[in-house]
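Shown next, in structure tokens, is the structure this report addresses.
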Amino acid sequence: MSISAHGAKICGLSTPETVKAAFDGAAAFLGFVFFDKSPRNVAPEVAARLVEPVRGRGVQTVAVTVDPDDALIDRLMATMRPDLIQVHGKETPSRVREIAARAGVGVIKAFSVSSSADVDQAAAFDGVAQHLMFDARPVEGSVLPGGTGARFDWGLLAGRRFSRPHFLAGGLDPWNVGEAIKTSGTPLVDVSSGVERGPGLKDPALISAFLDAVKRAKD
């Protein structure tokens, strides 16, 4: 499946209205969170119902997990049937391979970034994961690995090249995503809290504004 020129993923979707806004705005990826400590957490069966209207219509669905066990992978593949599984924990390259083989779909491996050394560690996963994602390191004590609104120095990704298109995440919103794309040179972007009116409450208007801003930056 080809990647939209918009190159955007809207993450943490939980309602039909926000799924429609992301799809109508030509998001390339729709993300659903399966992590019980997140305000965006949904059950696999709920996600399955949400993705049904857009399945096979040119958008890739992503199951976002943190150190998932085999039971969760199996449940996701039996219900939601995502196109990709995102892992946002302490997974090793061998575990990423295991997940991809078990699920039969590609894996997005996310990294918490605060320095160039954090970007360097992704080399071990390049070619193992289908996509790499660089997210801001959460503040100390946070129970969430992402979706906190924190951001890092986008310049750390400038000039970086990987075997597959990679994502920039962390603190993006409709007002700064254009600058983030230009500074980092990253082909794909991911947003969660930046299109919310409250924790876990996605706003269709903000989703549309974000996708419009990405399109303008890519044109």
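Brief remarks follow.
- For region 48-69, filtered to residues that are in a loop (DSSP other than H, G, I, E, B) and among the basic types (Lys, Arg), the residue that is least open to solvent (accessible area, probe 1.4 Å) is Arg55.
- Hey, Ala217 in a helix (DSSP H, G or I), at pLDDT 95 or above and small (Gly, Ala, Ser) or not: no
- Residues of region 70-99 that turn out to be touching a Gly at 6+ places or on another chain (Cβ under 8 Å) and assigned to a helix (DSSP H, G or I), as a count: 1
- Residues that are assigned to a loop (DSSP other than H, G, I, E, B), open to solvent by less than 20 Å² (accessible area, probe 1.4 Å) and under 13 Å from Trp154 (Cα atoms), drawn from region 177-202: Thr186
- Verdict on Asp24 being closer than 28 Å to Phe210 by Cβ, touching a residue at least 60 places away in the same chain (Cβ under 8 Å) and within 16 Å of the chain's Cα centre (by Cα): no
- Every residue from region 203-212 that is of a type in the set (A, V, I, L, M) and either surrounded by fewer than 23 Cβ atoms within 10 Å (Cβ to Cβ) or over 15 Å from Leu30 (Cα atoms) (or both): Ala205, Leu206, Ala209
- Residue in region 75-86 that is under 19 Å from Ile207 (Cβ atoms) and either over 18 Å from the mean Cα position of the chain (by Cα) or open to solvent by 20 Å² or more (accessible area, probe 1.4 Å) (or both) present: no
- Any chance Gly170 is closer than 24 Å to Val107 by Cβ, touching an Asp or Glu at 6+ places or on another chain (Cβ under 7 Å) and at pLDDT below 95: yes
- The requirement of being without any contact (Cβ under 8 Å) to a residue 40 or more places away in the chain and crowded, with 19+ Cβ neighbours inside 10 Å is not satisfied by Pro16.
- Residue check, Val96 open to solvent by less than 20 Å² (accessible area, probe 1.4 Å) and in contact with a strand residue (DSSP E or B) (Cβ under 8 Å, 6 or more places away or on another chain): yes
The values are calculated or read from the model by the stated rules, or taken from the named source; none is laboratory data. These figures come from a predicted structure and were not determined experimentally. Heads up, the Cβs are rebuilt from the backbone with ideal geometry, glycines too, and the neighbour counts pull from every protein chain shown. The accessibility values were calculated without ligands, DNA or RNA, using every heavy atom of the protein model including side chains. Shrake-Rupley method; radii C 1.70, N 1.55, O 1.52, S 1.80 Å.
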